[in-house]
Amino acid sequence: MNILIAGLSRGSAIAVELIAGSVWPDPTFVRVERRISASLADQSSAAIDCDICMVDVLGLGLSRWSPSREAELNDYLLGRPTIVLVPPGVGGGWLDADGGRLVDKSKIRLQHPVSASTLREALTKLREGLHTAAKA
């Protein structure tokens, strides 16, 4: 399992890696560091080859929701199963972004702060979704 971790702090990325290691045997991780600009960088071939994504919109410079930012994020995700972390409080508008593109069965939206058990549950749901898709 190849997992893209994008926009998380170093400490959060390490925590995600530890939790993902309890869900999948021997996962491989590709990290994209946090950024302050509001444009997503091109992905490396290793990032594109990832099976699932764990992204923090705040750390990708997309703290405020807009239709164009949502489209940019969806283009970045390439249709891969994803856990999307949104800002605390009102979520920068991401909590109300139910246009059908961000909220589908392959994307799980979690709001900061996220507990280890909540993250483990979300990763387990992604794993189960991948197994179901592989059987079909």
Which one, Ser22, Ser63, Ser44, has the greatest fluctuation when you compute a Gaussian network model over the chain with C-alpha springs under 10 angstrom? Ser44
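Please report the net charge: other residues with Cβ closer than 14 Å to the Cβ of Leu58, K and R +1, D and E -1. Could the numbers behind the result be given before it?
Numbers: positive: Arg34, Arg35, Arg64, Arg69, Arg109; negative: Glu33, Asp56.
Neighbourhood net charge equals +3.
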Can you sort Leu123, Leu78, Leu130 by 1.4 Å-probe accessible area, starting with the largest? Leu78, Leu130, Leu123
Between Ala46 and Glu33, with labels modelled 7 Å along Cα→Cβ, what's the label distance in nm to one decimal, could you check? 1.4
Sites Leu18 and Glu128 - FRET efficiency at Förster radius 30 Å, r taken between beta-carbons, to 0.05: 0.90
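The values are calculated or read from the model by the stated rules, or taken from the named source; none is laboratory data. Note that the structure is a prediction, hence the values are computed from the model and not measured. Here Cβ is always computed from backbone atoms with ideal geometry, including for glycine, and neighbour counts include all displayed protein chains. Protein only, heavy atoms only, side chains kept; ligands, DNA and RNA dropped before computing areas. Shrake-Rupley method; radii C 1.70, N 1.55, O 1.52, S 1.80 Å.
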